[in-house]
Amino acid sequence: MRILFTSLSCLIDPASGAAISVRTILRLLSERGHDVMAFSAAGFDKGQKPSAEEMLRWSGFKLDSANDLWTLNDGGVVHLAHSVGVHSIRQMNDDTVKEATARFRQILDDFRPDAVLTYGATDYESSVRKLLKEAGIASAFYLAHPGYKSHDAFENVDVVFTDSRATHDLYRERLQLETTVIGKFVMKPDASPPKGNMRHVTFINPSYSKGVTLFYRIAEMLSEMQPSLKFLVVESRSNLDKIQSSSGLPFSQLRNIRRIGLQSDMKDVFSRTHVLIMPSFWHESGGRTAIEALSLGIPVLSANHGGLPEHLGNGALLFDIPKPLQDTHQLIPPPSVALPWVTAISRLTTDEEFWLERSRAATAQWQNHAPDDRVSLIEQRLKDVTNARG
């Protein structure tokens, strides 16, 4: 099959879990003999550089002057990007969307895909799916976000893929939307275990939805109990300065927190991680980082809702998040909510036998994430909708 992905969002985006998942899916489809390409308008969740061109160059793209498209080859998948001058999707106006749509038409004519995979519900993605329906080309939607409120986002879509049963159930109840659950596609990072003072308790993307206020309570309590214990905070899309300013929580006064910015490669992060925590307040559909930790035998502490319990299973220690925190992410929890997390972290960082027990559990759970059967499911569903369109 000839399979094309398109969105305003670039798949070579280390800040986007959905981008990393779809990028992995495309690579696996390419390895199985399919002709696979991706086209974007160079949108990034968090731009590290001031312009789209600089972001593309930073991400490894090179400009092809023959067609004025940026190109990158990734495991047999050709990624094409058309720069519209800005890398923030919110700053892309009607003219830039029309410009990107015109370039997509050219790609469609040249590549002639059997099926097109998309995500997002901007005017660009909506117009693309309408165009595909008119052209008789099958379209699929990758759904790993709980925020879609209207069925309009899925208009002209032949099949919707979700990464968890929890998200499938969420949209069946909310929109009566039928989806195909394909699970989370994660590749094992290339990282070595941390040693000595490199061992950290790691928290990624400190935002309200990710449970940053609960993280504060955990770090605050452990700063008194175990002052030598260090937390590593990876500021991928959000940072603690903004949270401190808006919440009043004095993160800057906690000396047990080390901060690093967005990483293009998570190898260094995992090579410092002794324990990973994911105290998400919102509906975490997949929990990519936690699954990556499982693959490396890193013990995980996670919220017990959304798609996290089904993906992490017995490989993680799961803790309930009180409903008020799930409903209002800016709330600051009392120490009693943090206490179970603090107790578990303390034991994992002082009891080697317990750490090894949880590490073995993480590795065993990772075996459930083998992709072969699930890639076959994607292939079959794409073939089914392609044949139905034909």
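Each residue in the range 40-54 was checked for being in a loop (DSSP other than H, G, I, E, B) and free of Cβ contacts under 8 Å to residues at least 40 places away in the same chain, and 3 of them qualify. Against the condition surrounded by fewer than 21 Cβ atoms within 10 Å (Cβ to Cβ), out of contact with any Gly (no Cβ under 9 Å at 6 or more places or on another chain) and not polar (S, T, N, Q), how does ARG217 come out, does it pass? Considered against the rule, which asks whether it is surrounded by fewer than 21 Cβ atoms within 10 Å (Cβ to Cβ), out of contact with any Gly (no Cβ under 9 Å at 6 or more places or on another chain) and not polar (S, T, N, Q), ARG217 comes out as no. Among residues of the range 364-376 being part of a helix (DSSP H, G or I), hydrophobic (A, V, I, L, M, F, W, C) and within 21 Å of the chain's Cα centre (by Cα), the one that is nearest to ILE298 (Cα to Cα) is TRP366. Output the residues belonging to the range 296-332 that are assigned to a helix (DSSP H, G or I) and among the small types (Gly, Ala, Ser). The answer is GLY313, GLY315. Which of the following residues is among the aliphatic types (A, V, I, L, M), in contact with an Asp or Glu (Cβ under 9 Å, 6 or more places away or on another chain) and in a helix (DSSP H, G or I): ALA361, ALA338, ALA293? None of the others qualify; the one that does is ALA338. Consider the range 37-84 and keep the residues that are out of contact with any Phe, Trp or Tyr (no Cβ under 8 Å at 6 or more places or on another chain) and of a type in the set (Val, Ile, Thr). The one that is farthest from THR118 (Cα to Cα) is VAL84. From the set of residues in the range 224-243 that are surrounded by 17 or more Cβ atoms within 10 Å (Cβ to Cβ) and more than 20 Å from LYS49 (Cβ to Cβ), which is nearest to the chain's Cα centre (by Cα)? Filtering first and then ranking leaves VAL233.
For the range 172-205, the candidate set comprises residues that are of a type in the set (D, E, K, R) and in contact (Cβ under 8 Å) with a residue 24 or more places away in the chain; within that set, the residue that is farthest from ASN156 (Cα to Cα) is ARG199. Number of residues in the range 248-270 that are in contact with a helix residue (DSSP H, G or I) (Cβ under 8 Å, 6 or more places away or on another chain) and crowded, with 17+ Cβ neighbours inside 10 Å equals 6. Looking across SER346, SER336, SER359, SER302, one residue alone is surrounded by fewer than 18 Cβ atoms within 10 Å (Cβ to Cβ) and in contact (Cβ under 8 Å) with a residue 12 or more places away in the chain. It is SER346.
Among residues that are of a type in the set (Gly, Ala, Ser) and either under 24 Å from ARG288 (Cα atoms) or in contact with a strand residue (DSSP E or B) (Cβ under 9 Å, 6 or more places away or on another chain) (or both), SER228 is not included.
Table: residues versus (1) in a helix (DSSP H, G or I); (2) under 16 Å from ALA290 (Cα atoms); (3) touching a strand residue (DSSP E or B) at 6+ places or on another chain (Cβ under 6 Å); (4) of a type in the set (Phe, Trp, Tyr).
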site: VAL186; (1), (2), (3), (4): no, yes, no, no
site: PRO189; (1), (2), (3), (4): no, yes, no, no
site: SER192; (1), (2), (3), (4): no, no, no, no
site: VAL201; (1), (2), (3), (4): no, yes, yes, no
site: PRO206; (1), (2), (3), (4): no, yes, yes, no
site: TYR216; (1), (2), (3), (4): yes, no, no, yes
site: MET221; (1), (2), (3), (4): yes, no, no, no
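Residues in the range 26-60 that are over 29 Å from ASN93 (Cα atoms), in contact with a strand residue (DSSP E or B) (Cβ under 8 Å, 6 or more places away or on another chain) and of a type in the set (A, V, I, L, M): 1 in all. As a summary of the residue check, ASP68 satisfies the conditions (1) in contact (Cβ under 8 Å) with a residue 60 or more places away in the chain; (2) of a type outside the set (Lys, Arg); (3) closer than 25 Å to SER126 by Cα; (4) surrounded by fewer than 24 Cβ atoms within 10 Å (Cβ to Cβ) except for the one numbered (1).
Restricting attention to the range 7-39, the residues that are in a strand (DSSP E or B) and more than 17 Å from the chain's Cα centre (by Cα) total 5.
No value in this document is a laboratory result; all are computed from the given coordinates. The shown structure was predicted, so the numbers you read here are calculated from the model rather than taken from an experiment. Because the Cβ atoms are built from the backbone with ideal geometry, glycine has one as well, and the counts that use them run over all protein chains shown.
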